[in-house]
1. Across the range B:87-108, what is the number of residues that are under 11 Å from residue B:31 (Cβ atoms) and either buried (at least 24 other Cβ atoms within 10 Å of the Cβ) or within 14 Å of another protein chain (Cβ to nearest Cβ) (or both)?
2. Restricting to the range A:102-126, give me the number of residues that are more than 10 Å from every other protein chain (Cβ to nearest Cβ) and over 18 Å from residue A:69 (Cβ atoms).
3. Do the conditions hold for residue B:112, that is, is it assigned by the TED database to the domain that holds residue B:239, out of contact with any strand residue (DSSP E or B) (no Cβ under 9 Å at 6 or more places or on another chain) and within 16 Å of the ligand (Cβ to nearest atom)?
4. Somewhere in the range B:376-386, is a residue within 16 Å of the ligand (Cβ to nearest atom), in a loop (DSSP other than H, G, I, E, B), away from chain A (no Cβ under 14 Å) and on the phi < 0 side of the Ramachandran plot?
5. Looking at B:126, B:144, can you tell me which residue is within 9 Å of chain A (Cβ to nearest Cβ), touching a strand residue (DSSP E or B) at 6+ places or on another chain (Cβ under 9 Å) and surrounded by 20 or more Cβ atoms within 10 Å (Cβ to Cβ)?
6. Somewhere in the range A:140-161, is a residue within 14 Å of chain B (Cβ to nearest Cβ) and closer than 29 Å to residue B:227 by Cα?
7. Examine the range B:457-465 for a residue that is touching a strand residue (DSSP E or B) at 6+ places or on another chain (Cβ under 6 Å) and more than 14 Å from the ligand (Cβ to nearest atom), and state whether such a residue exists.
8. Out of the residues in the range A:162-172 that are touching a residue at least 24 places away in the same chain (Cβ under 8 Å) and part of a helix (DSSP H, G or I), which is farthest from the chain's Cα centre (by Cα)?
Ligand code: SF4
């Protein structure tokens, strides 16, 4: 995984609450045994009509949202199942950062573990961004270094992230490698429980 | 200050703790299934890493097994996923309850029934309903595939300790009101994210009086309220359930373990970050009407009017659910017709659930135009149910008696609800398209599902003639 420090990209809005993982990646697409190739199925039931043609009403199909790499979403984004296929599908589609007032716990974890950044902002800040993202070429700058989201028009908001994940993401570190270095301690623990 | 069971479980499993980092906690049991594991195993292979503790890992196939003709898997992709798991288990030395094993079943049904699930353990699985195992007083939560890989490689996970949430349910449940109604009621009252960032401890008289099966139903749906884990302190009910199960210790060793398990209960003076209190007498048989599990009403109730919504977000969410479900505002629950009935899933597919449904089905007939299927949670459940003749009761009443698996809970196999049809389902999620594109799911208890099958619409099980039979 490459490190992520400052990210600049086009923002698309998805103003819906409780977007669940069954919508992000419907179960009929969970049968692949690879991590890639899920982007084509992202939001499948919303994105495509019954005949397979794109649904013009769907947010990400709108012209102004083409090429977006930052998704501005609403409350409780990613609720439902633990399927990591949800962040894989978003990443594969090209989304690198999701901004929302709140996320479901497992989804939030799953994003971080895949080098994708879930950004929690205040409801009124997200509301502002949702409004702004309606314009065709609205860009945001996300800095992991100083933990802020900003635009060219003077908007700036900071977001919380633990120093652990900040370091992990900025360096693109592999968690398993880190843990394996603690083998001695794990072994001791195992001895203690018999 | 006293400790909650959550504190005790957490502290017991810390391998490493350091300021500014999540805790590294040890995982006692890792359950694996075919859908969320292939990418984890290929990750291990790429880096040449072994599975640290195959003896603490157990796998089964459940999500996309067929429930008829189970040895004739026609979907090539499903077949590949199952074969991949088989190969991975062989290569890494992991025990597998494969499709032809008498121990096969839904991962959250077989863990407890084989005695793999035990109080005091940390249990993970690449599945959000892992919270089911919390019924035994274990800390059990769903993980994503990266964490599956991390657990396979290290038998540990980095986790920040969640907050504690006490859900206390006092009083006595009315006749015909089941565990499923309890958790649906909690969700209807407190919404789909009241538990986010928390581990729930369920307690109070209602929980104490519940069987292990009922506690599992309640804990199973913790994630529907946003909580990654939900648990119940072990007591005599827990211990009697586990005694004699395959993977639990026996004899004196069991008695010693039982003592330790009981000591896990929260201390009298323990405090929680948040508390919710519920009176059992408020709870009626429930039916979900919308597209998330909190959009649920009593069977005697109705769907909302838009002008009753508390805020704009809720109004939009209700409007969208009504549109998807094909309802008009204020429609009565008892007017909803069903075309499909599904009795199964890790929420309600255990022997006791099937008994409750069979009591209603007995001597009645499935309404014309309704397809009703009963899918036991495991091969063990199936054998036990057949031994007491439940299969015959269902078949005589016009239900289809199937083989074990997840089936219509998420319809990854051939069991699908066609677009526009309404399904009374004992599963746990009513999301858009969950049971098939355009499907309309109504979450209910096993008794309510059976009653809907014989009437063709939702009826109050409390008014059925043999209602005294439903506890
Ligand atoms: S029965 Fe449904 S909820 Fe349970 S493990 Fe299977 S798919 Fe998941």
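The values are calculated or read from the model by the stated rules, or taken from the named source; none is laboratory data. Since the structure is predicted, the reported quantities are computational estimates derived from the model, not experimental observations. Quick reminder, even Gly has a Cβ in these numbers, built from the backbone with ideal geometry, and neighbours come from all protein chains shown.
1. Summing the residues that are under 11 Å from residue B:31 (Cβ atoms) and either buried (at least 24 other Cβ atoms within 10 Å of the Cβ) or within 14 Å of another protein chain (Cβ to nearest Cβ) (or both) in the range B:87-108 gives 3.
2. Matching residues across the range A:102-126 total 4.
3. Yes, satisfied.
4. Our first condition is that a residue be within 16 Å of the ligand (Cβ to nearest atom); within the range B:376-386, this holds for B:376-382.
Narrowing further to those that are in a loop (DSSP other than H, G, I, E, B): B:376-377.
Going one step further and asking which of them are away from chain A (no Cβ under 14 Å), we end up with B:376-377.
Retained after the next criterion (residues that are on the phi < 0 side of the Ramachandran plot): B:376-377.
Yes, that holds for at least one residue.
5. Going through B:126, B:144 in turn, just one is within 9 Å of chain A (Cβ to nearest Cβ), touching a strand residue (DSSP E or B) at 6+ places or on another chain (Cβ under 9 Å) and surrounded by 20 or more Cβ atoms within 10 Å (Cβ to Cβ): B:126.
6. yes
7. Going through the range B:457-465, the residues touching a strand residue (DSSP E or B) at 6+ places or on another chain (Cβ under 6 Å) turn out to be B:457-458.
Filter again for more than 14 Å from the ligand (Cβ to nearest atom), leaving B:457-458.
Yes: one or more hits.
8. A:171
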